[in-house]
Amino acid sequence: MIINGGSRKDGAFFAKHLTNGEKNERVTLCEIRNLAAVTVPDALREMQAVAMGTLCENYFYHANINPRIEEQLTVQQWQTAADRLEHNLGLKGQARFVVEHQKEGRTHRHVLWSRIDVSSMRAIVMMNDYEKHQATARELEQLFGLDGVSSVLGGTRASGPRPARRAKTWESFRGHESGIDPFEMKRLVTDLFRASNNAAEFASRLSTHDFQLVKGDRTGFCLRDKAGHLHSLARRLDGISAAQLLNFMQGLPTPA
């Protein structure tokens with residue numbers, strides 16, 4: 001099971017993404033709790049309205065719960081998964097809603113909570129949430145008898161090496177809009193890297209696929225895709241260490 005997510009503020013984007021019936025075979029609003037709203041857009045607007053009485057910008061928390069494609073959870077197991085994650089994140093009792101997506105036989109759920117504690121009108125502080133995602137996933141795998149998934153952060157009962165870091169949630173959402181899948185991009189860029197004898201050849205191969213090397217704010221190289229979005233070059237290479245990349249790119253001037 002994979003769990004990811006984070007604090008968000010773009011309610012209009014998430015309302016469109018969560019209710020998108022074109023990219024999903026089925027979209028189901030499973031639960032709305034402690035909200036007057038009865039639709040996803042209205043629920044997000046209601047959360048935003050409450051947050052206007054505070055200084056909080058990222059007024060809701062979004063989490064994505066993904067079992068393996070062959071693992072079908074029962075209604076009670078889905079409820080338990082959302083409740084355990086809520087407890088571990090420190091969001092117990094907060095207004096929330098749950099949306100289920102089914103695509104190509106795979107079912108996953110999105111859970112969104114308001115971060116605003118209405119009794120104090122303060123935002124709940126989110127700390128170490130990525131670690132809590134991993135811990136909750138391992139806990140649910142054991143509870144439901146599911147196969148363990150190796151954790152990016154370690155501390156897993158699954159065997160095998162630690163996997164490479166996945167694309168960040170916002171990168172995946174951005175890819176949905178642009179049509180450039182960060183996972184496919186990583187596979188392609190890695191193949192181009194391994195097929196190149198030097199940095200100049202690598203840059204040339206990238207350009208034939210509409211990727212441009214540019215200077216990053218903090219790192220030497222980033223990639224600009226054909227939609228104009230920037231990507232860390234290091235994050236789009238699989239199995240290449242920072243030292244290997246630095247050594248390979250020597251001799252190629254850092255682009256302006």
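Being within 19 Å of the chain's Cα centre (by Cα), closer than 30 Å to Glu22 by Cα and either surrounded by 13 or more Cβ atoms within 10 Å (Cβ to Cβ) or free of Cβ contacts under 8 Å to residues at least 24 places away in the same chain (or both) is a condition met by at least one residue of the stretch 115-127.
Is it the case that some residue within the stretch 64-76 is outside any loop (DSSP other than H, G, I, E, B) and more than 25 Å from Asn20 (Cβ to Cβ)? Yes, the stretch 64-76 has at least one match. Scanning for something within 25 Å of Ala137 (Cβ to Cβ), in contact with a His (Cβ under 9 Å, 6 or more places away or on another chain), surrounded by 18 or more Cβ atoms within 10 Å (Cβ to Cβ) and at pLDDT below 95, does the stretch 96-104 turn up at least one residue? Checked the stretch 96-104: at least one residue is within 25 Å of Ala137 (Cβ to Cβ), in contact with a His (Cβ under 9 Å, 6 or more places away or on another chain), surrounded by 18 or more Cβ atoms within 10 Å (Cβ to Cβ) and at pLDDT below 95.
If you go through the stretch 81-114 and keep only what is in a loop (DSSP other than H, G, I, E, B) and either touching a residue at least 40 places away in the same chain (Cβ under 8 Å) or over 19 Å from Asn58 (Cα atoms) (or both), you end up with Gly93, Gln94, Ala95, Glu104, Gly105. Across the stretch 32-42, the number of residues qualifying as crowded, with 16+ Cβ neighbours inside 10 Å and either within 16 Å of Met126 (Cα to Cα) or in contact with a Gly (Cβ under 9 Å, 6 or more places away or on another chain) (or both) comes to 0. If I filter the stretch 1-36 down to residues being within 22 Å of Ala81 (Cβ to Cβ) and among the polar types (S, T, N, Q), which single residue comes out as farthest from the chain's Cα centre (by Cα)? That would be Asn34.
Looking at the stretch 175-256, the strands (runs of 3 or more DSSP E) lying wholly inside it that each contain 1 or more residues that are modelled with pLDDT of 85 or more, touching a Cys at 6+ places or on another chain (Cβ under 7 Å) and not aromatic (Phe, Trp, Tyr) sit at 212-214, 230-232.
The values are calculated or read from the model by the stated rules, or taken from the named source; none is laboratory data. Just so we're clear, the structure is a prediction, and the values are computed from it rather than from any experiment. So basically every Cβ, Gly included, is an ideal-geometry build from the backbone, and we count neighbours across all protein chains shown.
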